[in-house]
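The values are calculated or read from the model by the stated rules, or taken from the named source; none is laboratory data. Small disclaimer: the values here were computed from a predicted structure and weren't measured. Note: ideal-geometry Cβ built from the backbone for every residue, glycine included; neighbour counts use all protein chains shown.
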C-alpha cells in the first residue's frame, strides 16, 4: 500500500502496531492476574471471555493461571478465534454475530447464562470483557422481540448513534446487559477484567454493561479496566520518541461525524508543532439507503485525503484497534497528498464515494487501505497524523 520510495507509510504502520501492542489482550490480562490473582491459592477458576478480544484475553488467563484455570468459555466474532486457544483442553468456543446480532448471538447469550448457573460451589468465576460483547451475546427480556433488537442495531449503524447511547438502549432490552449477568451471580464473589472501547472506560457501559454493577446492589464483582485507548496512544507516543520524532496526543476522546472530524484532524496536524499527533475515540457515519463498502475509519481517511491534497508533508492514518472497520476486513485507511490523484487515475471521485459511503472501494483503488487482521484488542479507534517531508529520512 506504500507508494514506491515513500518510507513514511511503513513508519506510520509501525506506530500503529506499537499502539496496538500496548493494549494487546493477552499481555494485559496476564499482567493483571499475575499482579493480583482472581482466587485464593489452590482454588479452581472458570473464565468466560466475551468480545472481539476474547481469544487473546483468554490466552492471557491461561498464561497466568495455568492448571488452576479449569474451564474457559470464549464468545467472539467470526474470524477472531485463536488456533492456539482452541488446541487447549477445557476450552469451549462460540461465535456470535457483529455488528448486528443474529441467532448465534442469542444462542451464545443463553450459553453464557447456563455457564453461570453451572458454576460449582468451590470455583471462582473470572470474566474477561471487551468491546463487541453488545452484539455477540444477548438474552432478551420478556416481551422484547428479536425484530426490536435487530431494528435498534441497524438504526445505530445507519444513523451514526454514538456508542454510549447505543449501549444504553441495548441494555434496556436485555436480561444480561446493564448488570443483569452480575445479578445472576446472586452475590457470589467474582473478578471482571475489561478492555474498554467506550468513553470514560465505565464497566456499566462496556459491552452494554454485560458485567456492569447489578441494579439490586447484591454484587461482589471486583472490576478492573486493564486497557483503553489512552494506553494505545501512549504506545504510539513512546514509539515515535524512540524513532527520534516529536509527538503529542489529544487526551479528550473524539466523537461525532467522521467528515467533520477529518477536517479537524487535518487542521490540527497542519498547525501542530510536533511531527506526530495522535487522537483516540470513535466517529460516526450516517449511511445512505444502499451504502457501498467501507467503515467509519475508511470514511474519515477518505474525507481527510481531500484536505491533504495541497500539503505533501502531511499523512493521516485512521484505524479500528480491533483490526476491522465496520463490516469490512480492513482496519482503516492511510492517506497522503497523492491519494486523491491516485483516485482520479482509477476513475473515482472522492466526493461521490463519500456520498455513497463507499470509502472502502475508493481507498482500495488508491492502495490506501490498512489491513492488520484481528489484533487481540479493541479500544475504539486510533488516528495518527504525521507531519514530515518525504525526503527527510
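Is it the case that residue 222 is touching a strand residue (DSSP E or B) at 6+ places or on another chain (Cβ under 7 Å), outside any helix (DSSP H, G or I) and over 28 Å from residue 320 (Cβ atoms)? Outline the logic, then answer.
On the way: touching a strand residue (DSSP E or B) at 6+ places or on another chain (Cβ under 7 Å): yes; outside any helix (DSSP H, G or I): yes; over 28 Å from residue 320 (Cβ atoms): yes.
Criteria met by residue 222.
Condition (residue is touching a strand residue (DSSP E or B) at 6+ places or on another chain (Cβ under 6 Å), without any contact (Cβ under 8 Å) to a residue 40 or more places away in the chain, over 23 Å from residue 193 (Cα atoms) and surrounded by 19 or more Cβ atoms within 10 Å (Cβ to Cβ)) applied to segment 233-255: is it met by at least one residue?
Yes; the residues of segment 233-255 include at least one that is touching a strand residue (DSSP E or B) at 6+ places or on another chain (Cβ under 6 Å), without any contact (Cβ under 8 Å) to a residue 40 or more places away in the chain, over 23 Å from residue 193 (Cα atoms) and surrounded by 19 or more Cβ atoms within 10 Å (Cβ to Cβ).
Taking the condition surrounded by fewer than 23 Cβ atoms within 10 Å (Cβ to Cβ), more than 15 Å from the chain's Cα centre (by Cα) and touching a residue at least 60 places away in the same chain (Cβ under 8 Å), does residue 210 pass?
On the way: surrounded by fewer than 23 Cβ atoms within 10 Å (Cβ to Cβ): no; more than 15 Å from the chain's Cα centre (by Cα): yes; touching a residue at least 60 places away in the same chain (Cβ under 8 Å): yes.
Against the criterion (surrounded by fewer than 23 Cβ atoms within 10 Å (Cβ to Cβ), more than 15 Å from the chain's Cα centre (by Cα) and touching a residue at least 60 places away in the same chain (Cβ under 8 Å)), residue 210 does not qualify.
Return yes or no: is residue 88 surrounded by fewer than 14 Cβ atoms within 10 Å (Cβ to Cβ), touching a residue at least 24 places away in the same chain (Cβ under 8 Å) and either assigned by TED's automatic domain parsing to the domain that holds residue 37 or in contact with a strand residue (DSSP E or B) (Cβ under 8 Å, 6 or more places away or on another chain) (or both)? Explain how you work it out, then say what you get.
Details: surrounded by fewer than 14 Cβ atoms within 10 Å (Cβ to Cβ): yes; touching a residue at least 24 places away in the same chain (Cβ under 8 Å): yes; either assigned by TED's automatic domain parsing to the domain that holds residue 37 or in contact with a strand residue (DSSP E or B) (Cβ under 8 Å, 6 or more places away or on another chain) (or both): yes.
Against the criterion (surrounded by fewer than 14 Cβ atoms within 10 Å (Cβ to Cβ), touching a residue at least 24 places away in the same chain (Cβ under 8 Å) and either assigned by TED's automatic domain parsing to the domain that holds residue 37 or in contact with a strand residue (DSSP E or B) (Cβ under 8 Å, 6 or more places away or on another chain) (or both)), residue 88 qualifies.
Filter segment 114-135 down to the residues that are at pLDDT 95 or above and under 13 Å from residue 49 (Cα atoms), then identify the one that is nearest to the chain's Cα centre (by Cα).
Filtering segment 114-135 for residues that are at pLDDT 95 or above and under 13 Å from residue 49 (Cα atoms), the one nearest to the chain's Cα centre (by Cα) comes out as 130.
Looking only at segment 109-122, count every residue that is touching a strand residue (DSSP E or B) at 6+ places or on another chain (Cβ under 9 Å), over 17 Å from residue 153 (Cα atoms), in a helix (DSSP H, G or I) and touching a residue at least 12 places away in the same chain (Cβ under 8 Å) and tell me the total.
Filtering segment 109-122 down to residues touching a strand residue (DSSP E or B) at 6+ places or on another chain (Cβ under 9 Å) leaves 109, 111-112, 115-116, 118-120, 122.
Going one step further and asking which of them are over 17 Å from residue 153 (Cα atoms), we end up with 111-112, 115-116, 118-120, 122.
Add one more test, that the residue is in a helix (DSSP H, G or I), and what stays is 111-112, 115-116, 118.
Keeping just the survivors that are touching a residue at least 12 places away in the same chain (Cβ under 8 Å) gives 111-112, 115-116.
The number of residues fulfilling the criteria is 4.
Kindly provide the set of residues from segment 70-83 that are in contact (Cβ under 8 Å) with a residue 40 or more places away in the chain and farther than 23 Å from residue 100 by Cα, ordered by number.
Across segment 70-83, the qualifying residue is only 70.
Give the residues of segment 325-342 that are without any contact (Cβ under 8 Å) to a residue 40 or more places away in the chain and crowded, with 24+ Cβ neighbours inside 10 Å, sorted by residue number.
Once the filter is applied, which keeps residues that are without any contact (Cβ under 8 Å) to a residue 40 or more places away in the chain and crowded, with 24+ Cβ neighbours inside 10 Å, segment 325-342 yields 325, 333, 335, 339.
Taking segment 126-148 only, how many residues are buried (at least 21 other Cβ atoms within 10 Å of the Cβ) and assigned to a strand (DSSP E or B)?
Residues that pass the stated criteria total 5.
Considering only segment 43-80, state which residues are at pLDDT below 95 and either more than 18 Å from the chain's Cα centre (by Cα) or farther than 17 Å from residue 195 by Cβ (or both).
Passing the criteria: 78, 79.
Answer yes or no: is there a residue in segment 68-81 that is in a helix (DSSP H, G or I) and either assigned by TED's automatic domain parsing to the domain that holds residue 376 or under 26 Å from residue 380 (Cβ atoms) (or both).
Residues of segment 68-81 in a helix (DSSP H, G or I): 68.
When the remaining residues are screened for being either assigned by TED's automatic domain parsing to the domain that holds residue 376 or under 26 Å from residue 380 (Cβ atoms) (or both), the result is none.
No: segment 68-81 contains no residue that is in a helix (DSSP H, G or I) and either assigned by TED's automatic domain parsing to the domain that holds residue 376 or under 26 Å from residue 380 (Cβ atoms) (or both).
Collect the residues in segment 163-192 that are closer than 30 Å to residue 60 by Cα and part of a loop (DSSP other than H, G, I, E, B), keeping them in residue-number order.
If we filter segment 163-192 for residues that are closer than 30 Å to residue 60 by Cα, which is where we start, we get 163-164, 166-168, 170-171, 174-192.
Matches in segment 163-192: 175, 176, 177, 178, 179, 185, 186, 187, 188, 189.
How many residues does segment 348-393 contain that are touching a residue at least 12 places away in the same chain (Cβ under 8 Å) and outside any helix (DSSP H, G or I)?
The total comes to 30.
For segment 168-180, indicate whether the set of residues that are within 22 Å of residue 25 (Cβ to Cβ), in contact with a helix residue (DSSP H, G or I) (Cβ under 9 Å, 6 or more places away or on another chain), modelled with pLDDT of 90 or more and buried (at least 20 other Cβ atoms within 10 Å of the Cβ) is non-empty.
Restricting attention to segment 168-180, the residues satisfying the condition of being within 22 Å of residue 25 (Cβ to Cβ) are 176-177.
From what is left, the residues that are in contact with a helix residue (DSSP H, G or I) (Cβ under 9 Å, 6 or more places away or on another chain) are 176-177.
Filter once more, keeping what is modelled with pLDDT of 90 or more: 176-177.
Cutting the leftovers down to buried (at least 20 other Cβ atoms within 10 Å of the Cβ) gives us 176-177.
Checking segment 168-180: at least one residue is within 22 Å of residue 25 (Cβ to Cβ), in contact with a helix residue (DSSP H, G or I) (Cβ under 9 Å, 6 or more places away or on another chain), modelled with pLDDT of 90 or more and buried (at least 20 other Cβ atoms within 10 Å of the Cβ).
So residue 98 ticks every box in (1) in contact (Cβ under 8 Å) with a residue 24 or more places away in the chain; (2) assigned to a helix (DSSP H, G or I) but one. Which box is left unticked?
(2)
Quick one: is residue 304 over 19 Å from residue 232 (Cα atoms), buried (at least 24 other Cβ atoms within 10 Å of the Cβ) and either in contact with a helix residue (DSSP H, G or I) (Cβ under 8 Å, 6 or more places away or on another chain) or in contact (Cβ under 8 Å) with a residue 24 or more places away in the chain (or both)?
Numbers: over 19 Å from residue 232 (Cα atoms): yes; buried (at least 24 other Cβ atoms within 10 Å of the Cβ): yes; either in contact with a helix residue (DSSP H, G or I) (Cβ under 8 Å, 6 or more places away or on another chain) or in contact (Cβ under 8 Å) with a residue 24 or more places away in the chain (or both): yes.
So residue 304 passes the test.
Among (1) in contact (Cβ under 8 Å) with a residue 24 or more places away in the chain; (2) surrounded by fewer than 17 Cβ atoms within 10 Å (Cβ to Cβ), which single condition is residue 260 missing?
All conditions are met except number (1).
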